[in-house]
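The values are calculated or read from the model by the stated rules, or taken from the named source; none is laboratory data. Values in this document were obtained by computation on a predicted structure and should not be read as measured data. Glycine also receives a Cβ, built like all others from the backbone with ideal geometry; neighbour counts cover every protein chain displayed. In case anyone asks, the SASA skips ligands and DNA or RNA and just uses the protein heavy atoms, side chains included. Shrake-Rupley method; radii C 1.70, N 1.55, O 1.52, S 1.80 Å.
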Amino acid sequence: MQRKLFITFSVILLLAILLTGFLSMHLIRSSYLDELEVRLVSNGRLIEQQLEKDKTILTNLTRLRNIVHDYGKITESRITIIDIDGNVLADSFVETGVIENHINRPEVQSALNGEVGRSVRKSKTVNIDMLYVSLPLRQIGENSIIIRLAVDLMEIERINGILFRYVGISIIFGLLISLITGFRVINKIIEPIKEITKVSKKISEGHLNRKVHVISNDEIGELADNFNIMASKLKFTIEELSNSNTKFKALLTSMVNPIIAIDNKRNVIVINPAAETLFNVNAQEVIGKHILEIVRNNALDETFKNIFLSNTETKVEIQIKDPDIKTLKIYTNLIKLEDDPNKTIGLVAIIEDVTEIRKLEKMRSDFVANVSHELRTPLTSISGFVETLKSGAIDDEKTKMRFLDIIEIETERLRRLIDDILTLSEIENTKRSQKQDFNTTELIAEVEQIIMPIATNKNVEVVSEIEQGLPMITGNPDWFKQMLINLMDNAIKYTPEGGLVNLSAYSKYNKIIISVKDTGIGIPKQDIPRLFERFYRIDKARTRKIGGTGLGLAIVKHIALSFNATIKVNSDLGKGTEFIIIIPTKA
Ligand SMILES: Nc1ncnc2c1ncn2[C@@H]1O[C@H](COP(=O)(O)OP(=O)(O)OP(=O)(O)O)[C@@H](O)[C@H]1O
Ligand SMILES: [Mg+2]
């Protein structure tokens, strides 16, 4: 910039000096020529007068030449006398010999036309620049003659040479002066611009507090002031933007719901951490990518496409398989331009993971169907027998007693079923029941007492190995007992007469391990994962006889959950089964 300005200045200066130099050279030359012409013309007039006075001179060429020669000396010029045909009658520079015809000389032509002729050219005779001036053709006596005078232009060349030197000197001085003063002036202009450039670079690098320090009343000062105002506005705007960006990020991050925003080409523009976790992606990697690259689900993509086409928000439920099988409910909100609400530029999808809710809903409806079914069986049986009794069987004492026994059993079954359902719902609904510390060893002993008569009845031997002084457990003691009773009940129920049930309990690494092991019918491997589902019985025909409802293990599972316990099942079909409950205790 500085160099450019300096070069421009110098070139202008140079041109100006050259132009004035050459203009003044031209002016000097032309005024000098004019002055010479006047002098030559008046000298010419003197010769003319002389010739007029003595007309005989023209008849004697020798005399004429002498006179011409003398006048030439006096006037310091070359004098030539030419006749009307262009022949040179006398010439003060050429004494002897024939001189070529002058008819074509421009000044001679003018003289023939009755005007004063003037011409500057190199003389062929003497080979230097000359000014030729001719007086108009004049009739003197018998002859018509042209008087021509010429002077060399050496003087003007000399003057021009001097002028040329001066021009050269002025150029050198001018350049020197412009170098010194120009440098200062340019620096004064450039310095603030440099400062503004430096500060703007700093600002672009993020140093928004930088200010330009220029004290000047001119346009540059104004520029600097405006620059500073602009910088502080920029700082304010950037701060505001970054504040709202921080709030926006905090909001997005704290949202429990997964959120994805896409543009109208369905490329992701925003994704929050919850959505990153749900779809197992990384925000940095997926921003700008198409939604199908994040959620491989054509239905969802189609839905988004249709939302953009119809320009209406909606909510949809979709199933995804990747990374896990999930049911997602998606609420969409269109992003519209603030100043043109008809223009949609994208949409925000707020996602709700409804997998668990849907699973629970299904379980609940299955449960209702199962309960109704399980209740109907004993009820049908009871009402059947009541009908039969009413229609006459009541009179037969033996049949009556048998039917009433059956009715009693079915009623008992119904009562147990309802008890189990109530227990299950109680455990399920009161996750935080009244917890208390209880003595594990004592409670296990109580269970043994309850279960013993059932085992004796069925002729199944119960062997127990309970470690004395087991650690205390925190939780609901009734539930704990119920859990063990259910397991023991099963073990006895599914073990043929003469079999053995082993109950053991011991503590290890802050855990109590309770095992209920039998020598019964065993459980097929493929059924083990479903054992704890409500109403699940392995072989309905096989267990119906024994009279189970299929809720016992579901209750066990829920109680175990309330103790943070884990359950393991080992079983050998036809040989026996072992249920192991591992309960964490307080350290
Ligand atoms: N120790 C076991 N040996 C063999 N099979 C078992 C044993 N425990 C449970 N089962 C099988 O698991 C099924 C589910 O047991 P669960 O205790 O939930 O139901 P139930 O005993 O049939 O009925 P309820 O216990 O509600 O009276 C049983 O029907 C039975 O087929
Ligand atoms: Mg059972």
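Rounded, prolate or oblate: which one fits segment 38-103, using the alpha carbon gyration tensor with axes a ≥ b ≥ c (rounded when a/c is under 1.5, else prolate when a/b beats b/c, else oblate)? Don't skip to the answer; put the middle values down first.
Details: a/c = 1.40, a/b = 1.21, b/c = 1.16.
Note, shape of segment 38-103 comes out rounded.
Give the Rg (one decimal place) followed by the Dmax (whole number) of segment 436-584, computed from C-alpha coordinates and expressed in Å.
Gyration radius and largest Cα-Cα distance of segment 436-584: 14.6, 43 Å.
Using a 1.4 Å probe on the protein chains only, how many percent of the accessible area of segment 2-158 belongs to carbon and sulfur?
On the way: 5020 of 8860 Å².
The C+S portion of the solvent-accessible surface of segment 2-158 is 57 percent.
So which GluC sites (Glu not before Pro) in segment 287-379 are both in a DSSP loop and have at most 15 other Cβ atoms within 10 Å of their Cβ?
On the way: sites: E293, E302, E313, E317, E338, E352, E356, E361, E374; in loops: E313, E338.
Loop-located and lightly packed - E313, E338.
Can you send over the carbon and sulfur percentage of the accessible area for segment 494-587, probe radius 1.4 Å, protein chains only? Please report the intermediate quantities before stating the final value.
Values: 2480 of 4650 Å².
Solvent-exposed carbon and sulfur of segment 494-587 make up 53 percent of the total.
Filter the chain for me: DSSP H helices, axial length by Cα at least 20 angstrom, mean Kyte-Doolittle hydropathy not below 1.0. List them by residue number.
Working: long enough: 2-53 (76 Å, 0.55); 61-75 (21 Å, -0.36); 154-177 (34 Å, 1.32); 183-204 (30 Å, -0.01); 219-254 (51 Å, -0.13); 355-390 (52 Å, -0.31); 397-429 (47 Å, -0.39); 440-458 (27 Å, 0.34); 477-493 (24 Å, -0.16).
Span-like helices in the chain: 154-177.
Among S504, Q50, L334, which residue has its Cα furthest toward the positive end of the charge dipole of the chain, with +1 on Lys/Arg Cβ and -1 on Asp/Glu Cβ?
Q50
Separation between the I140 and L561 pseudo-spin-labels, each 7 Å from Cα along Cα→Cβ, expressed in nm?
Calculated label separation equals 14.8 nm.
Give K211/K249; K289/K359; K247/K289 a once-over and call out the pairs whose C-alpha atoms are over 29 Å from each other. Numbers along the way, then the final one.
Numbers: K211/K249 31 Å; K289/K359 32 Å; K247/K289 25 Å.
Cα-Cα > 29 Å for K211/K249; K289/K359; rest within.
Setting aside same-chain residues fewer than 8 positions from K525, which lysines have a Cα under 21 Å from its Cα?
K493, K517, K540, K557, K568, K575
At a Cα cut-off below 16 Å, give the lysines reachable from K315, other chains included and same-chain residues fewer than 8 away excluded.
Correct list for K315: K305, K329.
Give the calculated FRET efficiency between D340 and L223 to the nearest 0.05, with a Förster radius of 35 Å applied to their Cβ-Cβ distance. Don't jump to the answer; show the numbers that get you there.
Numbers: r = 36 Å, r/R0 = 1.02.
The pair D340/L223 has a calculated efficiency of 0.45.
Given a 1.4 angstrom probe, I'd like the percentage of the accessible area of segment 255-352 that is carbon and sulfur, rounded to a whole number. Could you put the intermediate results ahead of the total?
Working: 2660 of 5490 Å².
For segment 255-352, the apolar C and S fraction of the accessible surface comes to 48 percent.
Using helices alone, I'd like the mean residue ellipticity at 222 nm for the chain: each DSSP H run of four-plus residues gives -39500 (n - 2.57), total over residue count, nearest 500. Walk me through the numbers on the way to the answer.
Numbers: 15 runs with 301 residues, N = 587.
Theoretical 222 nm ellipticity from helices: -17500 deg cm²/dmol.
Using Cα pairs closer than 8 Å and at least 6 residues apart in sequence, work out the relative contact order for the chain, in percent.
Working: 818 pairs, mean separation 39.2, N = 587.
With pairs under 8 Å counted, the relative contact order is 7 percent.
For segment 298-425, take the convex hull of the Cα atoms, compute a quarter of its surface area, and give me that in nm², please.
If I average the Cα hull's projected area over directions, I get 13.7 nm².
Would you mind getting the accessible area per residue of segment 422-487, heavy atoms of the protein chains only, 1.4 Å probe, in Å²?
Details: 3720 Å² over 66 residues.
Accessible area per residue, segment 422-487: 56 Å².
Are there GluC sites (Glu not before Pro) in segment 56-160 that DSSP marks as loop and that have at most 14 other Cβ atoms within 10 Å, and which are they?
Working: sites: E76, E95, E100, E107, E115, E142, E155, E157; in loops: E76, E95, E100, E115, E142.
Those satisfying the criteria are E76, E95, E100, E115, E142.
Sort out for me the Cα centre separation of segment 119-138 from segment 232-262, rounded to whole Å.
Spelled out, the Cα-based centre of one part sits 95 Å from the other.
Quick check: convex hull over the Cα atoms of segment 2-158, volume per residue in Å³, rounded to an integer? Could you put the intermediate results ahead of the total?
On the way: hull volume 19.5 nm³, N = 157.
Hull volume over Cα atoms, normalised by residue count, gives 125 Å³.
Quote the FRET efficiency, to the nearest 0.05, computed for M363 versus D396 with a Förster distance R0 of 60 Å and r equal to the Cβ-Cβ distance. Kindly include the intermediate steps, with their values, before the conclusion.
On the way: r = 47 Å, r/R0 = 0.78.
Computed FRET efficiency for M363 and D396 comes out at 0.80.
Limiting things to C-alpha atoms, what are the Rg and the maximum Cα-Cα separation (Dmax) for the chain, in angstroms?
For the chain, the Cα-based Rg and Dmax read 64.0, 202 Å.
Are there trypsin sites (Lys or Arg not before Pro) in segment 414-454 that DSSP marks as loop and that have at most 16 other Cβ atoms within 10 Å, and which are they?
On the way: sites: R415, R416, K431, R432, K435; in loops: K431, R432, K435.
Of the trypsin sites (Lys or Arg not before Pro), the ones in loops of segment 414-454 whose Cβ has at most 16 other Cβ atoms within 10 Å are K431, R432, K435.
If we count every other residue with Cβ under 9 angstrom of P258's Cβ, Lys/Arg +1 and Asp/Glu -1, where does the sum land? Spell out each step's value before the answer.
Details: positive: none; negative: E276, E352, D353.
Residues near P258 contribute -3 overall.
Before anything else, pin down the relative contact order of segment 2-158: Cα pairs under 8 Å, at least 6 apart, normalised by residue count, whole percent.
Working: 223 pairs, mean separation 31.8, N = 157.
The normalised contact order for segment 2-158 reaches 20 percent.
Could you pull out which residues in segment 170-209 have an amide N less than 11 Å from a spot 7 Å beyond the Cα of L19, following the Cα-Cβ vector?
Residues passing the 11 Å test: none.
So what is the accessible area of segment 2-158 per residue, in Å², with the probe set to 1.4 Å? If you can, show how the numbers build up before the last one.
On the way: 8860 Å² over 157 residues.
Accessible area per residue, segment 2-158: 56 Å².
Under a crude label model (7 Å from the Cα following the beta-carbon direction), how far is K435 from E100 in nanometres?
Label-label distance for K435 and E100, simple model: 13.6 nm.
How much of F164 can a 1.4 Å solvent probe reach, expressed as accessible area in Å² and rounded to 10?
For F164, solvent-accessible area is about 120 Å².
Set the Förster distance to 25 Å, then compute FRET efficiency between V11 and S216 from the Cβ-Cβ distance, nearest 0.05.
Numbers: r = 27 Å, r/R0 = 1.09.
Once rounded, the FRET efficiency stands at 0.35.
Describe numerically, in nm with one decimal, the distance between label points set 7 Å from Cα along Cα→Cβ at N160 and at R63.
The answer from the label model is 4.2 nm.
Kindly report the accessible area of segment 209-250 per residue (heavy atoms of protein chains, probe 1.4 Å, no ligands, DNA or RNA), in Å². Write down the numbers at each step before the final one.
Numbers: 3390 Å² over 42 residues.
Using a 1.4 Å probe on heavy atoms only, each residue of segment 209-250 averages 81 Å².
Please report, in debye to the nearest 20, how large the charge dipole of the chain is about its Cα centre when each Lys and Arg carries +1 at its beta carbon and each Asp and Glu carries -1 there. If you can, show how the numbers build up before the last one.
On the way: 76 positive and 76 negative charges, 116 e Å.
Here the size comes out at about 560 debye.
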